[in-house]
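To start, the structure itself, in structure tokens.
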Amino acid sequence: MPKSDYLRAKEAEKNQETAITEALRLTSAQIFEVIKRDGEEELRRPTTSLIWSGIAAGILIAFSPIAMGIFRAHMPDQPWRPLIECIGYSFGFLLVILGRMQLFTENTITTILPMTDNPRRCGPQVVRLWSIVFAANMIGALIAAMVMVWAGAVRPDHLAAILDISAHVAEIPPLETLIRGIPAGILIAAIVWMLPTAGAAAFWVILLFTYLIALGGFTHVIAGAVEIFTLVVNGDIGLGAGVFGFILPALAGNVLGGTAVFTLMARRQVIAEV
């Protein structure tokens, strides 16, 4: 075989091998490693970066109840309305997750994976990050609520619909809020687990699974905090009732679902490989 033909054959073989490699899905162990390294990077982020990213996430997640309120305001009260209305719930999550902002419930899996390998070193770092991000998300959610109610950032009919949606959230008993928070935590953790292999489909992964959270009536602590703070700022409920009746139970449920359930299950399936 002439040398030029030999080189072309080798190049074609190399290209074929590259195409096969790119077509292969990441293994569970590889996904685990990607998320773990992402978590290690998050644990090293400066406090200032975490604060501002967390505040931004708390503000932007408000577009979930805002979009739902807008949809509700323009639709008749029919049994099929939630099927359309709940699509709006995904808007805030798309902004926050695709924008790579600090959302507390995402960190229930990304930062826990490094801690499973080195709990003594990573444990204090996880507590630091969780505390900063959760507080920053709450500040952002409160700012968003004040802007909606006091600054008139949304139309009166849209605000009325947002308050109506929020009132239904506030009526859920604390124990039920906690239990409904577990599936929400699992679904958010599942989104984080799927994103490394989602590629261009990341938009649809986030859209569909957060849509399921809304349609299923599951409770998400950050998005729900915007609704609770909107009621508080509007004078419909007290701050204590909102915090102890919804925010803390939803927080416990999300952590339980995202950390104790999904993360441990994810680690158990790859522990022999990593």
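Odds and ends about this structure:
- Candidates Leu175, Leu231, Leu239, Leu256, filtered to the one that is surrounded by fewer than 16 Cβ atoms within 10 Å (Cβ to Cβ) and in contact (Cβ under 8 Å) with a residue 40 or more places away in the chain: Leu175
- So Phe218, is it over 9 Å from the mean Cα position of the chain (by Cα) and not in a helix (DSSP H, G or I): yes
- For region 197-228, the tally of residues that are closer than 17 Å to Ile35 by Cβ and buried (at least 17 other Cβ atoms within 10 Å of the Cβ) stands at 4.
- Selection of region 31-51 for residues being part of a helix (DSSP H, G or I) and either loosely packed, with under 14 Cβ neighbours inside 10 Å or without any contact (Cβ under 8 Å) to a residue 60 or more places away in the chain (or both) yields Arg37, Glu41, Thr47, Thr48, Ser49.
- Test: Ser166 is in a helix (DSSP H, G or I), buried (at least 23 other Cβ atoms within 10 Å of the Cβ), modelled with pLDDT of 95 or more and in contact with an Asp or Glu (Cβ under 9 Å, 6 or more places away or on another chain): yes
- Within region 58-114, the set of residues being under 12 Å from the mean Cα position of the chain (by Cα), of a type in the set (D, E, K, R) and over 14 Å from Ala223 (Cβ atoms) comprises just one member, Arg100.
- Residue that is aliphatic (A, V, I, L, M), crowded, with 22+ Cβ neighbours inside 10 Å and in a helix (DSSP H, G or I), where the choices are Met68, Met101: Met68
The values are calculated or read from the model by the stated rules, or taken from the named source; none is laboratory data. Because the structure is predicted, anything quoted here is derived from the model rather than measured. We place every Cβ from the backbone using ideal geometry, glycine too, and count neighbours over all the protein chains shown.
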